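Asks: Got a structure for you, written out below as structure tokens; questions coming shortly.
Nothing in this text is a laboratory measurement; each read-out follows from the coordinates by a stated rule. This one's a predicted model, so the numbers in the text were calculated from it and none came from an experiment. Here the Cβ positions follow ideal geometry from the backbone for every residue, glycine too, while neighbour counts run over all protein chains shown.
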Amino acid sequence: MITLEGISKSYDLGSVQISALKGIDLAIDRGEFITVMGPSGSGKSTLLHILGILDSPDAGTYRLEEHDLMTLSDKELSRIRNQHFGFVFQSFNLFNEFNAFENVMFPLMYAGIRGSERRERARSLLVQVGLEHRLYHYPNMLSGGEQQRVAIARALANDPTLILADEPTGNLPSDKGEEILQILDGLNRDGVTVVMVTHDDVLGKRGSRCVRLRDGVVESDTGRAA
Ligand SMILES: Nc1ncnc2c1ncn2[C@@H]1O[C@H](COP(=O)(O)OP(=O)(O)OP(=O)(O)O)[C@@H](O)[C@H]1O
Ligand SMILES: [Mg+2]
């Protein structure tokens, strides 16, 4: 599904350059559940941003199915991003002035889905994450676990083939984190590919494969043939 080769990314901070990724090779097959682990600053979020085309690498190649992403225009890249990826972040990133239902309707509106169908789909996504009783709650009336479930429903709106989750359970107590994991597991069983960053050793073993980063390189990868 995805092949990264020699992906590098540096951040220029005036006089200093920080090499966040130093030549990452990674192939992701459809249907995998990959956990990404590694110390703080090892490049996990940077890698996730590049995978999700939220950021572009300085060097290397990124192939997604038949597309060579390095050759595409920004417009084509955003189309691919919207078509393929769903994002879930540690801090939920919901719009506070909109309720759960409206938060999930946003991407559907951008996708040009009309009123009644949009409402129907937003409702069914919230039902899917167990929030049928919280449709009209605003984020500040929802628990952290509930907010994260709204964020997952929103990430699913465009029917993504790949979910990119950056420490989705990082702000949650472990029982609520477990609920999020079960939702991601269920999506993965339904065929959605999942890449999840986590600091939690127990959760890190829950995927089908664990990639460990250190100082911007892949230190180990349980999916790579020895
Ligand atoms: N926008 C930025 N500008 C400058 N440096 C950055 C930027 N984003 C990340 N970095 C640096 O790049 C390196 C990798 O950062 P990254 O956020 O990918 O780490 P991480 O593995 O996700 O860490 P954490 O576990 O703390 O979230 C770090 O040294 C970080 O300071
Ligand atoms: Mg990070």
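Asks: Working from the alpha-carbon coordinates of the chain, get Rg over Rh, Rh being the Kirkwood radius.
Replies: Here the Rg-to-Rh quotient is 0.97.
Asks: Can you say what percent of the DSSP beta bridges in the chain, counting only those with both residues inside, are antiparallel? Round to 5.
Replies: Counting only bridges with both partners in the chain, antiparallel ones make up about 55 percent.
Asks: Another question, if that's okay. Considering the options M37, P107, G191, tell which one lies farthest towards the positive end of the dipole of the chain, charges being +1 on Lys and Arg and -1 on Asp and Glu at the Cβ, about the Cα centre.
Replies: P107
Asks: For the stretch 118-124, just list the computed ³J(HN,Hα) in residue order, Karplus coefficients 6.51, -1.76 and 1.60, θ = phi - 60°, integers in Hz, with x standing in for Gly and Pro.
Replies: Rounded to whole hertz, the list is 5, 5, 4, 5, 4, 4, 5.
Asks: Under unit Cβ charges (Lys, Arg +1; Asp, Glu -1), what dipole magnitude, rounded to 20 debye, does the stretch 1-154 have relative to its Cα centre?
Replies: 500
Asks: Also, I was wondering about something else. Farthest toward the dipole's positive end in the stretch 70-138, which of Y138, L94, V127, given Cβ charges of +1 (Lys, Arg) and -1 (Asp, Glu) about the Cα centre?
Replies: Highest projection toward the positive end goes to V127.
Asks: Counting helices only, and only those DSSP H runs with n ≥ 4, report the 222 nm mean residue ellipticity of the chain as the sum of -39,500 (n - 2.57) divided by its residues, in deg cm²/dmol to the nearest 500.
Replies: -10000 deg cm²/dmol
Asks: Can I ask one more? Based on the alpha-carbon gyration tensor of the stretch 55-179 and its eigenvalue square roots a ≥ b ≥ c, which shape applies: rounded if a/c is under 1.5, prolate if not and a/b is larger than b/c, or oblate?
Replies: On the way: a/c = 2.45, a/b = 1.48, b/c = 1.66.
Oblate shape, in that a/c is at least 1.5 and b/c is the bigger or equal ratio.
Asks: Each residue of the stretch 147-157 in turn: what ³J(HN,Hα) in whole Hz from Karplus with 6.51, -1.76, 1.60 and θ = phi - 60°, glycine and Pro shown as x?
Replies: Whole-Hz 3J(HN,Hα) from phi for the stretch 147-157: 4, 5, 5, 4, 4, 5, 4, 5, 5, 8, 4.
Asks: With charges set only on the Cβ (+1 for Lys and Arg, -1 for Asp and Glu), what does the dipole of the stretch 127-194 come to about its Cα centre, in debye to the nearest 20?
Replies: Here the stretch 127-194 has a charge dipole of around 180 debye.
Asks: Taking only the Cα atoms of the stretch 35-122, how large is their convex hull per residue, in Å³?
Replies: For the stretch 35-122, the hull spanned by Cα atoms encloses 149 Å³ per residue.
Asks: Pairing the Cα long axis of helix 174-189 with the longest principal axis of the chain, what angle in degrees results, from 0 to 90 and rounded to the nearest 10?
Replies: So the helix axis and the longest Cα principal axis differ by about 80 degrees.
Asks: Please sort by residue number the trypsin sites (Lys or Arg not before Pro) in the stretch 6-59 whose DSSP state is loop and whose Cβ has at most 16 other Cβ atoms within 10 Å. Let's see the in-between values first.
Replies: Numbers: sites: K9, K22, R30, K44; in loops: R30.
Filter output for the stretch 6-59: R30.
Asks: Still on this model: Straight-line reach from K176: which lysines have Cα under 29 Å away, leaving out those fewer than 8 places along the same chain?
Replies: K44, K205
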